[in-house]
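Working notes, beginning with the structure itself.
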Amino acid sequence: MSTQHYPRIGLLIDGEWIRGGARQTQAVINPATGEQLGEVPIATPDDIDRAADAASRAFPAWRRMPAIERAAVLQRIALAIRRHEERLATILTLEQGKRLTESLHEIRNTADTFEWMAEEGKRAYGRIVPARTPDTDQYVRLEPVGPVAAFSPWNFPAVLSSRKVATALAAGCPVVLKPAEETPGIMVAIAELCTEAGLLPGVLNLLYGVPATVSSRLIASPHIRKISFTGSVAVGHQLAAQAGASGKRITLELGGHAPVIVMDDVDVDRVIELTVAAKFRNAGQLCICPTRFYVHEAVHDRFAAQLTVQASKMRIGNGLDPAVDMGPLANERRVHAMRGFCDDAQARGARIQAGGHAPTDSQAGFFWTPTVITDIAEDAQAMTNEPFGPLALLCRFQRLEDALARANALDVGLAAYAFTRSLRAAHQIEHGLEAGNVSINTYATSAPEMPFAGIKNSGLGAEMGIEGLREHMHSKSVVRAIA
Ligand code: NAD
């Protein structure tokens with residue numbers, strides 16, 4: 001499949017696709033080539049209002065549908081995604097840049113997400129509570145909160161959007177989703193599959209537009225009962241203030257700056273192998289990306305040397321090319337950000353061991369070389385602001401207590417990692433790291449069945465797991481006496 005098969009982007013409102021018309025548009029750019037893939041229509045205020053209204057009108061029928069029937073719709077969506085995985089993965093690589101194998105992985109993850117929520121929606125059990133008086137029953141029913149406004153980013157546009165959609169739908173809530181304008185095609189393709197799978201009109205609405213206009217209007221809409229956002233800390237806090245002003249629930253999945261503690265007892269070769277795969281996945285554009293490496297000084301130099309060799313060997317290029325190890329950054333903003341981080345680090349005495357620049361050959365697109373930086377100052381910009389790119393920042397430590405204190409020094413806490421063979425150290429690290437997701441001896445983190453939640457400025461509430469479903473339901477207390 002090539003560029004001409006990229007889907008025509010439209011808005012989906014009340015079951016109708018709106019493509020073209022007199023709306024303003026924004027170009028969608030392939031980050032590997034700089035070529036235009038398509039155009040996104042910019043939703044008008046009237047489009048936004050109609051989408052919220054459609055979700056509100058769809059709510060009674062969707063919530064009344066038995067959970068087992070809603071589950072069947074979600075299962076059909078999952079099946080359709082699996083059936084179309086090659087086509088969907090190609091769309092994802094074209095607009096987002098990640099390697100095709102990574103896109104395929106994300107699409108399978110997306111199908112898993114719908115499948116898991118389909119099952120979990122059936123298990124939204126309430127509870128019976130012993131009553132205080134005779135001939136009385138008292139119990140707690142879980143009920144859907146109502147229409148959800150969801151905002152998802154461009155780095156994992158299929159799975160992060162689908163976490164929000166699948167959870168809301170499983171709970172009985174319709175959704176108005178605004179995915180990122182940079183990567184609009186994948187959710188257009190998935191929404192088409194949702195419609196084919198029998199989702200009722202208005203249950204899933206898709207908007208693209210000026211992000212702040214869409215979010216402020218939806219959050220203020222009386223039809224919307226819950227907000228869900230994944231993106232940067234700054235925007236998340238703005239939306240939380242708006243949600244607070246109108247007394248609405250919000251779930252936030254924001255940025256991180258994941259530390260990695262590497263103890264002196266590890267198999268360095270094995271840790272490097274895992275690190276190269278995790279660090280440079282999606283060109284480092286992950287909120288859980290391992291970034292600040294605190295390496296015990298007994299193994300630091302070997303770790304740095306091996307990571308430098310591996311990073312320098314990586315082939316960067318178009319993610320559709322199977323020989324490529326790392327694709328482009330999502331847009332030009334990210335390239336400028338990487339340059340700023342590297343220049344600042346060097347100015348403060350850091351040493352760039354690998355990469356640290358855009359590729360020297362004349363590749364179109366938004367590329368940055370896999371970068372390894374050592375001797376970096378703790379107050380360098382890259383150490384304090386989430387780089388969201390292919391930068392591995394290496395620091396030494398002698399005492400675990402010191403590494404833990406430095407790992408916890410930032411005001412974010414999404415993911416954190418450690419490598420050690422010592423049970424005592426693992427115990428101390430697991431208890432000591434301030435992060436919502438801690439992984440020891442692996443870079444594996446989120447799975448549909450596990451809650452994904454940041455602490456400190458990294459988030460509010462949880463996505464996925466039973467916790468994520470519960471955030472879309474309220475508890476109704478019922479006391480029923482015999483008349
Ligand atoms: P950004 O904050 O401008 O945008 C992030 C996402 O939020 C985009 O999809 C954007 O469309 C959306 N957005 C922006 N303003 C919005 C608003 N007022 N209302 C609703 N949605 C809005 O940042 P960016 O330059 O695109 O990305 C860089 C930073 O974003 C990174 O440094 C990283 O911290 C963060 N980010 C985090 C995640 C994540 O998974 N947590 C994903 C993408 C980006």
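The values are calculated or read from the model by the stated rules, or taken from the named source; none is laboratory data. On a predicted model such as this, the values are computed, not experimentally measured, just so you know. With ideal geometry, Cβ positions are generated from the backbone for all residues, glycine too; neighbour counts draw on all protein chains shown. Ligands, DNA and RNA are stripped out before the accessible areas are found, and what is left, the full protein with its side chains, is counted by its heavy atoms. Shrake-Rupley method; radii C 1.70, N 1.55, O 1.52, S 1.80 Å.
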**OP:** Scan segment 181-212 for residues that are among the small types (G, A, S) and more than 16 Å from the ligand (Cβ to nearest atom) and report the count.
**Re:** 5
Original post:
Looking only at segment 263-280, which residues are crowded, with 20+ Cβ neighbours inside 10 Å and either in contact (Cβ under 8 Å) with a residue 60 or more places away in the chain or over 27 Å from the mean Cα position of the chain (by Cα) (or both)?
Top reply: M263, V266, V271, T275, A278, K279, F280
Original post:
Do we have any residue at all in segment 328-343 that's on the phi < 0 side of the Ramachandran plot, assigned to a helix (DSSP H, G or I) and away from the ligand (no atom under 16 Å from the Cβ)?
Top reply: yes
Subject >> Scope segment 20-43; condition farther than 22 Å from V335 by Cβ and without any contact (Cβ under 8 Å) to a residue 40 or more places away in the chain; matching residues >> reply: G20, G21, A22, R23, Q24, T25, E39
Subject >> Wholly within segment 351-450, strands (runs of 3 or more DSSP E) carrying at least 1 residues that are free of Cβ contacts under 8 Å to residues at least 60 places away in the same chain and under 26 Å from S312 (Cβ atoms) >> reply: 351-354, 371-374
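Take the residues of segment 20-60 that are part of a loop (DSSP other than H, G, I, E, B) and farther than 25 Å from S216 by Cβ: which is modelled with the lowest pLDDT? Reasoning before the result, please.
Residues of segment 20-60 part of a loop (DSSP other than H, G, I, E, B): 20-24, 30-35, 42-44.
After this cut, where a residue has to be farther than 25 Å from S216 by Cβ as well, the list is 20, 30-35.
Details: G20: 74, N30: 97, P31: 98, A32: 97, T33: 96, G34: 96, E35: 96.
Checked segment 20-60; the qualifying residue modelled with the lowest pLDDT is G20.
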Original post:
Looking at R57, R70, which one is of a type outside the set (G, A, S), open to solvent by 40 Å² or more (accessible area, probe 1.4 Å), in contact (Cβ under 8 Å) with a residue 40 or more places away in the chain and under 30 Å from E143 (Cα atoms)?
Top reply: R57
**OP:** Determine if segment 296-316 includes at least one residue that is surrounded by 18 or more Cβ atoms within 10 Å (Cβ to Cβ), within 16 Å of the ligand (Cβ to nearest atom) and outside the structural domain of G236 (by TED's automatic domain parsing).
**Re:** no
**OP:** Could you tell me whether any residue of segment 81-99 is open to solvent by less than 60 Å² (accessible area, probe 1.4 Å), touching a Ser or Thr at 6+ places or on another chain (Cβ under 7 Å) and either over 25 Å from I186 (Cα atoms) or without any contact (Cβ under 8 Å) to a residue 40 or more places away in the chain (or both)?
**Re:** yes
Original post:
Counting only residues that are within 16 Å of the ligand (Cβ to nearest atom) and β-branched (V, I, T), which one in segment 248-262 is farthest from the chain's Cα centre (by Cα)?
Top reply: I250
Original post:
Which one of the conditions (1) over 21 Å from the mean Cα position of the chain (by Cα); (2) outside any helix (DSSP H, G or I) does T183 fail to meet, given that it meets all the rest?
Top reply: (1)
**OP:** Report, by residue number, each residue of segment 371-394 that is away from the ligand (no atom under 16 Å from the Cβ) and open to solvent by 10 Å² or more (accessible area, probe 1.4 Å).
**Re:** D375, I376, A377, E378, D379
Subject >> The lone exception for L404 - which of (1) within 16 Å of the ligand (Cβ to nearest atom); (2) surrounded by fewer than 24 Cβ atoms within 10 Å (Cβ to Cβ) it fails >> reply: (1)
Original post:
When you scan segment 220-239, how many residues do you find that are surrounded by fewer than 20 Cβ atoms within 10 Å (Cβ to Cβ) and more than 11 Å from the ligand (Cβ to nearest atom)?
Top reply: 3
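Considering only segment 461-476, I want to know if a residue exists there that is open to solvent by 70 Å² or more (accessible area, probe 1.4 Å) and either of a type in the set (G, A, S) or not assigned by TED's automatic domain parsing to the domain that holds H237 (or both). Quick ask: steps written out before the conclusion?
Filtering segment 461-476 for residues open to solvent by 70 Å² or more (accessible area, probe 1.4 Å) gives 466-467, 470, 476.
Retained after the next criterion (residues that are either of a type in the set (G, A, S) or not assigned by TED's automatic domain parsing to the domain that holds H237 (or both)): none.
For segment 461-476, residues open to solvent by 70 Å² or more (accessible area, probe 1.4 Å) and either of a type in the set (G, A, S) or not assigned by TED's automatic domain parsing to the domain that holds H237 (or both): absent.
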Original post:
Do you know which residues across segment 373-423 are touching a His at 6+ places or on another chain (Cβ under 6 Å) and of a type in the set (D, E)?
Top reply: E386
Original post:
For residues in segment 407-424 being over 28 Å from the mean Cα position of the chain (by Cα) and not polar (S, T, N, Q), which is least open to solvent (accessible area, probe 1.4 Å)?
Top reply: L423
**OP:** Determine the pairs where a residue that is touching a residue at least 40 places away in the same chain (Cβ under 8 Å), located within segment 467-483, has a partner that is of a type in the set (D, E) with Cβ atoms under 7 Å apart, the partner being 6 or more residues away or on another chain.
**Re:** L469/E120; M473/E143; H474/E143; K476/E143; R480/D137; A481/D135; I482/D135
**OP:** Could you name every one of the strands (runs of 3 or more DSSP E) located completely within segment 121-177 that has at least 2 residues being assigned by TED's automatic domain parsing to the domain that holds S228, surrounded by 16 or more Cβ atoms within 10 Å (Cβ to Cβ) and under 28 Å from the mean Cα position of the chain (by Cα)?
**Re:** 136-144, 148-151
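State all residues of segment 1-35 that are among the hydroxyl-bearing types (S, T, Y) and open to solvent by less than 70 Å² (accessible area, probe 1.4 Å); if no residue qualifies, say none.
Here is the first cut: in segment 1-35, the ones among the hydroxyl-bearing types (S, T, Y) are 2-3, 6, 25, 33.
S2, T3, Y6, T33 - these are the residues of segment 1-35 that are among the hydroxyl-bearing types (S, T, Y) and open to solvent by less than 70 Å² (accessible area, probe 1.4 Å).
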